[in-house]
Amino acid sequence: MEKSVTILDGSMGHELKMRGLSCGVEELDESFKAGALANEDQPAAVRDIHIEYLQAGADVITTNTFVLTPYHMESCGRAEKLAHLLQQACQRANEAVAHVGRP
């Protein structure tokens with residue numbers, strides 16, 4: 001039986017924090033909710049991180065949706081944006097894959 005290895009991407013939230021991402025609200029920054037809001041507020045940063053993971057050899061990238069849940073978005077007063085932010089997260093990942101040129 002031949003074994004294969006699939007390489008996944010790494011943390012989006014920590015990468016965004018390392019790049020100085022801030023939405024200007026400390027509670028959101030500390031809880032990684034700012035990272036979820038970055039799908040819309042800083043789309044280039046999200047897309048670029050996806051691209052970097054792909055270029056580093058990731059076979060799979062995951063969408064930037066770690067805290068994009070009704071509970072978390074309601075707790076920061078952004079419940080009405082949930083569907084839009086989920087769509088934006090998928091768009092950023094798709095843009096990265098298109099940029100790198102891999103299916």
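The values are calculated or read from the model by the stated rules, or taken from the named source; none is laboratory data. What you are looking at is a predicted structure, and each value in this text was computed from that prediction instead of being measured. Don't worry about glycine lacking a Cβ; one is built from the backbone with ideal geometry, like all the others, and counts go over all protein chains shown. Please note that ligands, DNA and RNA were not included when accessible areas were found on the heavy atoms of the full protein model with its side chains. Shrake-Rupley method; radii C 1.70, N 1.55, O 1.52, S 1.80 Å.
Calculated accessible area for the chain comes out at 61 Å² per residue, all protein chains present (probe 1.4 Å; ligands, DNA, RNA ignored). In plain terms, the chain from residue 18 to residue 102 could stretch by 27.6 nm, reckoned as 0.36 nm per residue minus the Cα-Cα distance. With K and R counted +1 and D and E -1, the other residues having a Cβ less than 12 Å from that of residue 63 yield a net charge of 0.
Approximating the spin labels as points 7 Å out from Cα along Cα→Cβ, the residue 52-to-residue 71 distance works out to 3.0 nm.
Ignoring lysines fewer than eight residues from residue 33 along the same chain, the ones with Cα atoms less than 24 angstrom from its Cα are 17, 81. Among residues other than residue 50 whose Cβ falls under 11 Å from its Cβ, what is the net charge (Lys/Arg +1, Asp/Glu -1)? So the environment of residue 50 carries a net charge of -3. Where (i) 8.0; (ii) 7.5; (iii) 11.2 are the candidate values, the label of the one calculated here for mean projected area of the Cα convex hull in nm² is (ii).
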